[in-house]
Amino acid sequence: MKYLASFLLLPFFAFTALAQVSFGKPEKINDGWSFILSDASAAPDSADRRWRAVDLPHDWSVKAPLSPTLASCMGYLPGGIGWYGKRLFVPEDRRGEKVYLYFEGVYNRSEVFVNGHSLGKRPNGYSSFMYDATPYVEFGGENSVAVRVNHSRSADSRWYTGSGIYRDVWLVYANSVHIAQWGVYAVPQVATAKLGELSVEVALENGLSAGVALTVVNTLADARGKSVAESRSKVALAPAQKDGKITAKLSVKNPQLWSLEAPNLYTLKTAVLLNGKVIDEAITATGFRALQFSPDRGFALNGQWIKVKGVCLHHDAGVLGAAVPDEVWRRRLLTLKELGCNAIRTSHNPQAPVLYDLCDELGMLVLDESADEWEFPKRKWIAGWNVGMPRFEGSADFFEEWCARDLADMVRRDRNHPSIFAWSIVNEVDYPNDPYSHPVLDGEEAGSFTQPIYGGYKPNAPNAERLGAIAKRMVAVVKEHDRSRPVTAGLAGVAMSNRTEFPGALDITGYNYTESRYDEDHKAYPQRVIFGSENGHSFGAWRAAADNEHIFGQFLWTGIDYLGESNRWPSRGFYSGLLDFGGFTKPRGYFRQSLWSGKPMAYLGAYPAPKNADRAPSIDAWPVWNYEAGQLVRVVCYTNAAKAQLLLNAKPVGNPKSYDAQTGVIFWDVPYEAGTLEVVGMSEAGGEVSRCAIRTSGRPHALTVAAADTVVFGSRGVAQVVLQVVDERGVPVMLSDDEVTCRIAGGGLKLLGMEASNNADMGDYTDNVQRAFHGRLLVYLQATGQEEGVAEVEFSAPWLTKAKIAVSCKRGK
C-alpha cells in the first residue's frame, strides 16, 4: 500500500484558523445546525420533519438528483430557497463584550437573523461578511440564529455555484475596543536578501461612549517562533470612534524571503493594550517578497524573472460540490505543483480562505479575481454550453449597490497573503455582444468574434465605451486598500477593448485566448504589460508565452474539471482540466508536466492510430495497452527528455526519437502486441533520465487501496482513499467500471462522497455505491466528531476481491 505525501493531513500554522477574523476571540460554530429546503419558516420546528440536522459547510444543491430539466450551467443541479437555524448559548459572563457573527461565504442572497431581528443581507454568494449581533443577544441564555438563503435564481452563473452556507461560520467575542475586522494590513516595502521592511497598518474601533488611550504592539516572529522585530505605537480614540489607525515599520536583517521554492512565512502578532492590559490581539501570516513587472521582460519574483505557469480554478470539488474540506484543497494544490504549476487564478470570484493559506504555505502565486460580470448579465446556457436559447440571470441587479463593497472586502480580506501577486477586477466582461458591442466588430480586426453565433456590431447593445469608466472606478477601489500589487482583468475581446479606455485603466493586462495579438499589441502599446489570463492547452498557446520574453505567463482553462458549464445531457461539467473531478492527473496533466516541470519525467499513452498518419498526436492519450493483436496503435510519450526509446516486451522499437519541437510529443505507430510497453527518456548524450511503463491488463480481479490517509485529526477531519481495480497480477485495469460499495464499521467515521470522475455518469451521488471510472475511485471519509477510535472501512464489488482499510480518528490537530 502506498501512502502519498499529498494525502497527509499536514498541520497548518497556528494562525491559519484565526487569520480570517482579525480581532477578538473567534470560535467556529459549524456543528449542530438545522436545515430546510423551503421558504416556509424562519425557525426549526420539531413537528416539521422537513427540518434536518446538518453540519457546516453545507451545499444543498450537490445533494440533489441530477435532472435534464435543470440548467446545464448549474451542472443540471437545482437551486431553491433554504433556511438554516441554530441555537446558540451566550454565557452571562460575556455581557459587556461585543458579539459578532462572521460568515466566510453563503450562496447567495442571504439574510441573517438573531432572535428574530434581521442583522442584514448580502446578495453576493462569494463575499465574506460579518454582523454585529450584540444589540439582539440574550446573555445567559439561548439565542436563535437563522439564515435565509435565496438561490431561487438557480441559473445565475455560467458555472456551478452550489447553494447554502458552504464555508465556515464563526462566533466572535470581543472587547468594545478592538481591532477592526481585516484591520491589520502588513505589506513588505523592502524585500532583499539583506533587508526586509514590513509596513504595518492597524485599524481600530472604539465602541465605548468614552475616549481611550491605547498602546499597539506589533511583534514579528520567524518560522521558529523567534522574535525578530517589534514596534510600539500610542493612539488616542475619541468616544465611539470607528476609524482609529496606527502605522508602524518593522525591519529585519537578512530575512528569509517568500518564494515558490522556499515559501518562508513570518508571524505578526498585533496586541492592543489599555492601561497596560491586553484587550485585543490578532495573528497574521506575512512574508517578504518583491514583485516586479516590465512590458519587455514580464514578471520577476525577488528579482528573478520567471514564467507564470498558472491554472484557472473554480471552487467546487465534484461530488463534494462547493463545500470543499481543507484536506481536499491541499491534495489538489500539491498535485498541481508536482505538475509544474506555480500560480492559481481564482476564477471568477474570491475563493475560500483556506485556498490562500495553502498557497502561502506551499509556494504558489495567486491572481485574486472578484467577478464575472458587472452592470449587465451574461448568457447562462440552459440546455448545454452554447446550445439553444440562454437565460440572463446573474448578479447585475445588485452591481451598483454592492460592487464597491464586494471588491473592497475581497482586497481587505486577502491583502496580507504573500501568495497574491495581482488583483483582477473582472473576467471577460468585454466578450463581444455578451452584452457589450462596438463598431469595430464589423471590421477585420475583430477576428474570430465575427462568428455567426455573436454576429458583428449591434448598435442596440450596450456600448463597450462604458467599460473604461467602470474599470477606473473598480481600480480606484482596489488602490484605496492596497497599492502594493497591480490591478488587471481578463479581456476576451481585446480588439474591441483596445478601442476603449478599459485596458488603459489596468496596471497589467490579461488576454484571454488571444495569443495571436501578443506581438501586435506589444508593438502598438509598448508600455502595456501583457500575459495570458486564460488559455487553451495547446502546445502553440504555451510557446506563445514561453518564446516571448515580454509575455510573463499563462493561466490554463482549466486546472481541475468543474461542475456546471456542461454540454448537452449527459454532462456533469466542464472537462478540460489537468486534473479530473477527483483530483486525479489526466493525460493532459502529464503533457503539461513535460512542459512546465524541471524534474525529469516520462509518460506513456496509447490510442488507435488515425487513418491519416500525419495527424498531430493527442495530448489526451490514456495509459491503456489492451487492443486487438496486430492492430496499429499510436503510442505517445510526454517527456521533458531530449529523446526517448520505446521498448515493447523489452525489445527496442526502432531507434531513439528526438523531442518534437513542433508538437511537444514523441510518438510511434506500432502494431499491437500484448505485454509491457516501456519508454526510456534519454539525455542528448544517450543516458537514461526517466522511465515509464504500461502493461496489458487482464479481467478485473480485485479492489486495492492504492493510496490513503489512515489517520483523521479533528472533529471534522477528512481522509481520502484511492481505490484501484487490478487483475490477478496486480496490473491496473483502466477499462474497469465495476460498481463499488463502501461500508463503514465503528470509529466515528462517515462517508462524505465517492468520486470516479466520469463526466457522463448522471446517477446517484448521495449513496454508498459508485461505479469506477478508468478503473479507479476516490472515496472521501469524514470524522463525525463523536468519538475517537478506529473505523474499519470495506470496499466491495461483485466478483472482485474486497479491499479493507483501518482509519483512526483522533481529536486535536
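The values are calculated or read from the model by the stated rules, or taken from the named source; none is laboratory data. What you see is a predicted model, and the numbers here were worked out from it, not measured in a lab. Don't worry about glycine lacking a Cβ; one is built from the backbone with ideal geometry, like all the others, and counts go over all protein chains shown. Note: accessible area is taken over every heavy atom of the protein model, side chains too, but ligands, DNA and RNA are not part of it. Shrake-Rupley method; radii C 1.70, N 1.55, O 1.52, S 1.80 Å.
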**Q.** Lone qualifier among Val653, Val689, Val636, Val725 - being under 14 Å from Ala606 (Cα atoms) and of a type in the set (A, V, I, L, M)
**A.** Val636
(Q) For segment 698-719: of the residues being in a loop (DSSP other than H, G, I, E, B) and surrounded by fewer than 18 Cβ atoms within 10 Å (Cβ to Cβ), which is nearest to the chain's Cα centre (by Cα)? (A) Gly714
Q. List pairs: first in segment 251-274 and within 19 Å of Glu197 (Cα to Cα) and in contact (Cβ under 8 Å) with a residue 24 or more places away in the chain, second assigned to a loop (DSSP other than H, G, I, E, B) and among the β-branched types (Val, Ile, Thr), Cβ under 9 Å, 6+ apart or cross-chain?
A. Pro255/Thr192; Leu257/Thr192
(Q) Checking Gly654 against (1) under 28 Å from Lys309 (Cα atoms); (2) open to solvent by 20 Å² or more (accessible area, probe 1.4 Å): exactly one of these is not met. Which one? (A) (1)
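Would you be able to tell me the number of residues in segment 657-671 that are open to solvent by less than 20 Å² (accessible area, probe 1.4 Å) and either outside any loop (DSSP other than H, G, I, E, B) or free of Cβ contacts under 8 Å to residues at least 60 places away in the same chain (or both)? I'd like the intermediate steps shown before the answer.
Initially, segment 657-671 is screened for residues open to solvent by less than 20 Å² (accessible area, probe 1.4 Å), giving 664-666, 668, 670.
Filter once more, so that each one left must be either outside any loop (DSSP other than H, G, I, E, B) or free of Cβ contacts under 8 Å to residues at least 60 places away in the same chain (or both): 666, 668, 670.
Within segment 657-671, residues that are open to solvent by less than 20 Å² (accessible area, probe 1.4 Å) and either outside any loop (DSSP other than H, G, I, E, B) or free of Cβ contacts under 8 Å to residues at least 60 places away in the same chain (or both) number 3.
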Q. So which of Leu648, Leu579, Leu632, Leu604 ends up being open to solvent by less than 20 Å² (accessible area, probe 1.4 Å) and more than 30 Å from Lys307 (Cβ to Cβ)?
A. Leu648
Q) Residue check: is Val328 part of a helix (DSSP H, G or I) and not charged (D, E, K, R)? A) yes
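Out of everything in segment 387-419 that is aliphatic (A, V, I, L, M) and either within 25 Å of the chain's Cα centre (by Cα) or within 16 Å of Asn108 (Cα to Cα) (or both), what residue ends up being surrounded by the fewest Cβ atoms within 10 Å (Cβ to Cβ)? First the steps, then the outcome.
Of the residues in segment 387-419, the ones aliphatic (A, V, I, L, M) are 387, 389, 396, 404, 407-408, 410-411.
This time we only want the ones that are either within 25 Å of the chain's Cα centre (by Cα) or within 16 Å of Asn108 (Cα to Cα) (or both), so: 396, 404, 407-408, 410-411.
Values: Ala396: 17, Ala404: 15, Leu407: 25, Ala408: 17, Met410: 27, Val411: 23.
That would be Ala404.
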Q | Residues being open to solvent by 30 Å² or more (accessible area, probe 1.4 Å) and either outside any strand (DSSP E or B) or of a type in the set (Phe, Trp, Tyr) (or both) - total across segment 687-697 | A | 1
Q: Mind listing whichever residues of segment 758-803 are free of Cβ contacts under 8 Å to residues at least 40 places away in the same chain and assigned to a strand (DSSP E or B)?
A: Val769, Gln770, Arg771, Phe773
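Taking the condition open to solvent by less than 20 Å² (accessible area, probe 1.4 Å), in contact with a Ser or Thr (Cβ under 6 Å, 6 or more places away or on another chain), free of Cβ contacts under 8 Å to residues at least 60 places away in the same chain and not in a loop (DSSP other than H, G, I, E, B), does Asp360 pass? Before you say what the answer is, go through the steps one by one.
On the way: open to solvent by less than 20 Å² (accessible area, probe 1.4 Å): yes; in contact with a Ser or Thr (Cβ under 6 Å, 6 or more places away or on another chain): yes; free of Cβ contacts under 8 Å to residues at least 60 places away in the same chain: no; not in a loop (DSSP other than H, G, I, E, B): yes.
No.
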**Q.** Single unsatisfied condition, Arg466 versus (1) in contact (Cβ under 8 Å) with a residue 12 or more places away in the chain; (2) touching a strand residue (DSSP E or B) at 6+ places or on another chain (Cβ under 9 Å)
**A.** (2)
Q. Open to solvent by less than 30 Å² (accessible area, probe 1.4 Å) and either more than 30 Å from Gly394 (Cα to Cα) or among the charged types (D, E, K, R) (or both): does that describe Val106?
A. no
